[in-house]
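Written out below as structure tokens is the structure these notes cover.
The values are calculated or read from the model by the stated rules, or taken from the named source; none is laboratory data. On a predicted model such as this, the values are computed, not experimentally measured, just so you know. Methodologically, a virtual Cβ is constructed for each residue, glycine included, from the backbone with ideal geometry; neighbour enumeration extends over all protein chains shown.
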Amino acid sequence: MTQNSEHTPAPADVDPQVAEIAEEIVTEEAVETAPEQTFADFGVHPAIVQALEARGIVHPFPIQAMTLPVALGGHDIIGQAKTGTGKTLGFGIPALQRAIGPGEPGWDKLEAKGSAGAPQALIVAPTRELAVQVAGDLTAAAAQRPLRIATIYGGRAYEPQIEELQRGVEVVVGTPGRLIDLMRQRHLRLDLVNTVVLDEADEMLDLGFLPDVETLLGAVPAVRQTMLFSATMPGPVVAMARRYMTQPTHIRAADPEDEGLTKKDIRQLVYRAHHMDKDELVARALQAEGRGRTIIFTRTKRTAARVADELTARGFAAGALHGDLGQGAREQALRAFRNGKVDILVATDVAARGIDVDDVTHVFNFQAPEDEKTYVHRVGRTGRAGNKGVAVTLVDWEDMPRWSLIDKALGLGQPEPQETYSSSPHLFADLGIPKGTKGRLPKEKRVLEGLEGEVLEDLGGPESAPRGRGGRTRDGERDGGRGGRGGRGERGSRGGRGGRSRDDERGGRDGGRGGRGERAGREGGRGRDAEQSPARGEEAGESKGRGRGGERAGREGGRGESTGRGRGGRSGESRTRGESRTEASEARAKQPVAGVERTEARMAERAEARAEARRRRGGRTRTRRRNGEVVDG
């Protein structure tokens, strides 16, 4: 394979700003390719070639064939290619090639400098799932080399990741947030990195990670190789490339026979469907002939959970993947999907970025996507690695204006989708659904294990630990913290500052006026133990101080006994006052009565207290006035 030594003129459709900062423009026309070329022909390390051949990967894809000669030469690269075209090995092989593992030539020099075990390559991905997928591909490619690859992302406990970094790694793949956390804690060294890769840079921009990426780029050495891959090149990404890259080569992988923004291997069907008929329509479409693994995209987390539950109730092996799930549940769903325990994955857009499964045959857009970029990423989950795929989009009546803009931007030629119902003949004909198919999977076809076939791991991350003071989760919901005012408790207790419940679909609050601590039976408020947390509310037991907290017996939210320190009352004085109370008050505190009996007991206690006060005054009564009239005290 050869590359033009002279500057290749930029095609008309290349962004002028990108062409301005790019040293060269490499396109399909500028590269000589031959079907018999292998990775060895590009000078790839023999151990990497053998590892790829062991997995059946022999011939590079176009983006890999164009990227490898430039990247292996140490030049900066701006890569643009459609989803599912093999970008991972395009930047992964050069990163692995430059890294030096234990026992390899050059390792003794690193030991002499005291830099052995420090990361030599940094790969930044926008989502956890994409980071895991990239690390998996690199681990497979480096299977016959002693390179250590660490995956650093949120949702997992810090300690295992810190221990892995302390043992030494050569390649780090991670998400911006956790990478910056460990860098600031001085557990992650970036001063010896010689290769930096930014994968899906446009998605990092959409998710608001671009400032974090610039923080990481500012921490690595100025002399390095930088490779940036992005499906599109918006202005902020161009500005970042201009600032942090040195004479990059712009590589565009485009098939001359595939001029559209979406891949030609994907058959795209668009239907106008009523939202009350979508469940039945999808359930019938999922029984189409030849359907394999399927991903169903939704716009909201609530819809993803509901659709997954509905399909499971109809007999399908389905799993959900959305931001309200803990990292353990998300990885369980992905493992079950990859291992064939479930063949349907219902996912939101953010959570599904990075799902790289080659044999996904169908993609369903249960709801119209927000824009054309989201549509391209959704349908790009199918038709990968040269396979064929089907993308079905269901457009509600109210989404028609949005869809018309998406259709115009992508040039799909379907601005007015055909009105379709679950019983429409053209739906059965288009997807190859057998006649007579209903919306429930026959029992004889229910052969997959489902999510139960995969173990739900406790990863020790924030989702695994009980919530203390309320904080925001990765997707922005408040969880377990001060969630505002609660409603009335189950048995008349007054609702108070409870945290939002993870299990409540509407994010409701559970908790009454109780505490910063775990209650017996129900958890709410601010999560401190009763022995350490202030209690809120006047307590009738040993403590009389005001405070927020304390354990309550069962789910009763009234004035219970608290051993916590009072906020606004000192524990020692409170205990002394409690001991000096009358026998009736102590009996009531130890054995509280409810409802009418409690009210009568309190009235009797007040009457007794007034009588005792009269005796102390020598039988004299105190004059009180009520509405201007004298009332006997």
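Considering only residues of segment 343-363 that are under 20 Å from the mean Cα position of the chain (by Cα) and assigned to a loop (DSSP other than H, G, I, E, B), which is modelled with the highest pLDDT?
Result: 357.
Only one of these conditions is not met by residue 163: (1) more than 27 Å from residue 356 (Cα to Cα); (2) crowded, with 16+ Cβ neighbours inside 10 Å; (3) free of Cβ contacts under 8 Å to residues at least 40 places away in the same chain. Which number is it?
It is condition (2) that residue 163 fails.
Name, by its number, the condition in (1) out of contact with any strand residue (DSSP E or B) (no Cβ under 8 Å at 6 or more places or on another chain); (2) modelled with pLDDT of 95 or more that does not hold for residue 157.
Going through the list (1) out of contact with any strand residue (DSSP E or B) (no Cβ under 8 Å at 6 or more places or on another chain); (2) modelled with pLDDT of 95 or more, residue 157 breaks only (2).
Determine whether segment 382-392 contains at least one residue that is buried (at least 23 other Cβ atoms within 10 Å of the Cβ), under 23 Å from residue 333 (Cα atoms) and at pLDDT below 90.
Yes, segment 382-392 contains at least one residue that is buried (at least 23 other Cβ atoms within 10 Å of the Cβ), under 23 Å from residue 333 (Cα atoms) and at pLDDT below 90.
Is it the case that segment 304-317 has a residue that's without any contact (Cβ under 8 Å) to a residue 12 or more places away in the chain, part of a helix (DSSP H, G or I) and under 19 Å from the mean Cα position of the chain (by Cα)?
yes
Using the structure shown, decide if residue 250 is surrounded by 14 or more Cβ atoms within 10 Å (Cβ to Cβ) and modelled with pLDDT of 90 or more.
Answer is no for this residue.
Residues are listed down the side, and each one gets a yes or a no for (1) crowded, with 22+ Cβ neighbours inside 10 Å; (2) assigned by TED's automatic domain parsing to the domain that holds residue 445; (3) modelled with pLDDT of 95 or more:
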residue: 300; (1), (2), (3): no, yes, no
residue: 307; (1), (2), (3): yes, yes, yes
residue: 316; (1), (2), (3): yes, yes, yes
residue: 321; (1), (2), (3): yes, yes, no
residue: 326; (1), (2), (3): no, yes, no
residue: 332; (1), (2), (3): yes, yes, no
residue: 336; (1), (2), (3): yes, yes, no
residue: 339; (1), (2), (3): no, yes, no
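Please go through segment 207-236 and pick out each residue that is surrounded by fewer than 20 Cβ atoms within 10 Å (Cβ to Cβ), hydroxyl-bearing (Ser, Thr, Tyr) and assigned to a loop (DSSP other than H, G, I, E, B).
Result: 232, single match.
Of all residues in segment 118-153, which are in contact with an Asp or Glu (Cβ under 8 Å, 6 or more places away or on another chain), not β-branched (Val, Ile, Thr) and not in a helix (DSSP H, G or I)?
The answer is 118, 119, 120, 121, 125, 126, 145, 146, 147, 148, 150.
Which one of the conditions (1) assigned to a loop (DSSP other than H, G, I, E, B); (2) modelled with pLDDT of 85 or more; (3) within 25 Å of residue 121 (Cα to Cα) does residue 56 fail to meet, given that it meets all the rest?
Here residue 56 meets the rest and fails (3).
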